Amino acid sequence: MKRPSLLGAAWLVLKKDWQIEWRTRARLTAIIFFSLATLLLFSFAMGPDIVTLRAHAPGYLWLGLLFASVLSLGESFRVEAENQALTGLVLTPVEPRAIFIGKVLGNASLLFVLSLVLLPVAVALYDVDLGRDPLSLVLVLFLGCVGISAPGTVYSAISANARARDVMLPLLLFPVLVPLLLAAVSATKFTLQPDPQEQLGSWLKLLTAFDLIYLSVGFLLFPKVAEED
Amino acid sequence: MTPILPLVVLALVVAAIVGHVAVPAVRPWAWKAVGALGAAMLVSLWYFGLYWAPPEQFMSDVGRILYVHVPHVWMALLAFTLNVGCAVAYLMKKSWVTDALAESAAEVGVYFGAVGVMMGSIWARPTWGVWWDWDPRLISTTVMLLAYVGYLALRSFTEDPERRATWSAAAAILSYVSLPIVWFSVRWWNSLHQVQSNPSTVDKPMVAVLRWGAVTMLCFLFVFIVKRYEIARSRQTAAMELPPLEAPRAEVA
């Protein structure tokens with residue numbers, strides 16, 4: 001049998017992840033309802049003042065996504081820990097880097113779907129205006145989801161086998177994601193609200209740089225991490 | 001400060017630590033000598049910083065915390081850089097020595113960083129009027145501190161020594177990489193910290209005292225890392241030399 005190329009193998013891993021997800025739809029349903037509850041809680045915590053809510057909507061949206069991502073990322077390697085599936089994957093004659101690419105894309109696509117689901121909710125709860133710059137908004141959401149998933153995949157591979165893994169993942173992941181959160185919230189703000197100084201472009205560049213840096217660092221580190229799983 | 005100087009200092013510290021690790025003959029006395037030097041310099045730093053140096057132009061005596069605050073943060077940065085260097089070295093060629101050195105550098109770095117941030121907060125209150133501010137250097141240091149607390153937690157939560165070494169090395173590299181990005185993003189976002197001083201804008205005696213403080217802290221950094229490294233090494237050997245426990249024998253009636 002012909003050995004698949006790096007991207008071919010990554011595609012196979014991604015397809016496998018999608019298939020597992022599609023058969024139960026458990027993870028997506030869980031994180032959707034989890035982040036819905038989070039968004040609702042933010043509005044309760046801040047009070048019903050619609051002006052405040054509208055102004056802070058990007059922050060709530062990204063915090064909801066961030067909290068949901070911890071659940072989703074943790075689950076992504078927990079399923080592999082069952083029956084030592086990850087060991088099987090690492091033993092197959094494909095590059096472990098392909099597993100990394102496939103997993104990042106799988107996690108990012110799940111988060112991206114979640115973020116698209118949350119947009120109409122944000123309209124309902126916070127009265128934001130999505131029609132101002134929808135293409136840039138979708139681009140920001142996509143880049144942000146990739147940015148959460150790139151370091152998140154490495155960290156979840158690490159924490160899936162550590163003790164107290166539910167505490168470990170956010171403890172490791174959140175400090176690294178500080179610049180991503182800043183950039184994503186600011187960029188989202190400028191797609192929903194007027195952007196008189198045209199700052200959107202520089203935040204988009206920062207997001208892209210973050211994604212590229214963490215994709216390449218993860219690409220280099222993941223084989224070492226997976227060896228120990 | 002010229003950009004090359006921190007690198008030279010880093011190289012000197014690394015050389016000293018490697019020398020201490022590699023040459024058994026200096027181990028019994030070198031750390032004591034450096035520690036004594038550090039203690040003597042600390043006492044004189046107290047005099048130089050509080051009495052000899054002129055008061056700061058705008059902040060008067062409050063500004064004197066500079067001589068300990070800034071060296072602490074520098075030492076934290078040095079320790080974390082040493083840690084990430086060891087992490088890279090470990091991933092390239094597995095060795096218990098680099099793993100132990102990474103562990104000790106991270107722990108000492110967290111100490112220096114935490115004390116530095118606390119002193120910065122104390123300094124911020126009378127000068128900026130707030131305990132906390134969203135400033136690039138403050139946030140980067142704090143984020144780095146949080147990341148390394150996570151690193152230490154990961155180390156203590158992983159039992160298998162080889163897994164612990166590899167995973168913590170990967171975690172260290174991922175967190176260290178975020179530092180420049182955090183710095184840039186917060187700088188774009190908001191800033192209040194005074195512009196970074198350099199020797200040309202600061203009075204000569206103040207620079208001298210600041211450097212004196214930095215060398216004092218360097219002595220302590222060296223002693224802390226070297227002693228912590230010895231603890232890490234003896235823990236490693238203890239973990240490896242422990243004999244497998246005998247299976248409980250069946251009771252003979």
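Laboratory data are not the source of any read-out in this text; all were calculated from the coordinates shown. Computed from a prediction, not measured in an experiment: that's the story for all the values here. Methodologically, a virtual Cβ is constructed for each residue, glycine included, from the backbone with ideal geometry; neighbour enumeration extends over all protein chains shown.
Values for this structure:
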quantity: Residues located in segment A:209-229, provided they are more than 8 Å from chain B (Cβ to nearest Cβ) and acidic (Asp, Glu); calculated: A:Asp211, A:Asp229
quantity: Test set (1) under 29 Å from B:Leu42 (Cα atoms); (2) within 12 Å of another protein chain (Cβ to nearest Cβ); (3) over 16 Å from the mean Cα position of the chain (by Cα); (4) of a type in the set (Gly, Ala, Ser) - B:Ser140 fails condition number; calculated: (3)
quantity: Residues satisfying the stated conditions in segment A:163-179, i.e. more than 7 Å from chain B (Cβ to nearest Cβ) and in a helix (DSSP H, G or I); calculated: A:Arg165, A:Asp166, A:Val167, A:Leu169, A:Pro170, A:Leu173, A:Phe174
quantity: Residue among B:Ala76, B:Ala16, B:Ala30, B:Ala87 that alone is within 28 Å of B:Ala169 (Cβ to Cβ), in contact with a His (Cβ under 6 Å, 6 or more places away or on another chain) and either small (Gly, Ala, Ser) or not in a helix (DSSP H, G or I) (or both); calculated: B:Ala30
quantity: Residues satisfying the stated conditions in segment B:126-182, i.e. assigned to a helix (DSSP H, G or I), more than 22 Å from A:Ser149 (Cα to Cα) and of a type in the set (Gly, Ala, Ser); calculated: B:Ser156, B:Ala165
quantity: Count of residues meeting criterion [among the aliphatic types (A, V, I, L, M) and at the interface with chain B (Cβ under 8 Å from one of its Cβ atoms)] in segment A:180-191; calculated: 2
quantity: Within segment A:74-118, considering residues that are touching a residue at least 60 places away in the same chain (Cβ under 8 Å) and outside any helix (DSSP H, G or I), the one nearest to the chain's Cα centre (by Cα); calculated: A:Glu95
quantity: Output for segment B:183-193, where each listed residue is in a helix (DSSP H, G or I) and more than 8 Å from chain A (Cβ to nearest Cβ); calculated: B:Trp183, B:Arg187
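The rows are residues; the columns are (1) part of a helix (DSSP H, G or I); (2) surrounded by fewer than 17 Cβ atoms within 10 Å (Cβ to Cβ); (3) touching a residue at least 12 places away in the same chain (Cβ under 8 Å).
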{"site": "A:Trp11", "(1), (2), (3)": "yes, yes, yes"}
{"site": "A:Lys16", "(1), (2), (3)": "yes, yes, yes"}
{"site": "A:Ala30", "(1), (2), (3)": "yes, yes, yes"}
{"site": "A:Thr38", "(1), (2), (3)": "yes, no, yes"}
{"site": "A:Phe44", "(1), (2), (3)": "yes, yes, no"}
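Per-residue answers, yes or no, for (1) more than 14 Å from every other protein chain (Cβ to nearest Cβ); (2) buried (at least 23 other Cβ atoms within 10 Å of the Cβ); (3) among the small types (Gly, Ala, Ser):
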{"residue": "A:Val113", "(1), (2), (3)": "yes, no, no"}
{"residue": "A:Tyr126", "(1), (2), (3)": "yes, no, no"}
{"residue": "A:Gly144", "(1), (2), (3)": "no, yes, yes"}
{"residue": "A:Ile148", "(1), (2), (3)": "no, yes, no"}
{"residue": "A:Pro151", "(1), (2), (3)": "no, yes, no"}
{"residue": "A:Ser159", "(1), (2), (3)": "no, yes, yes"}
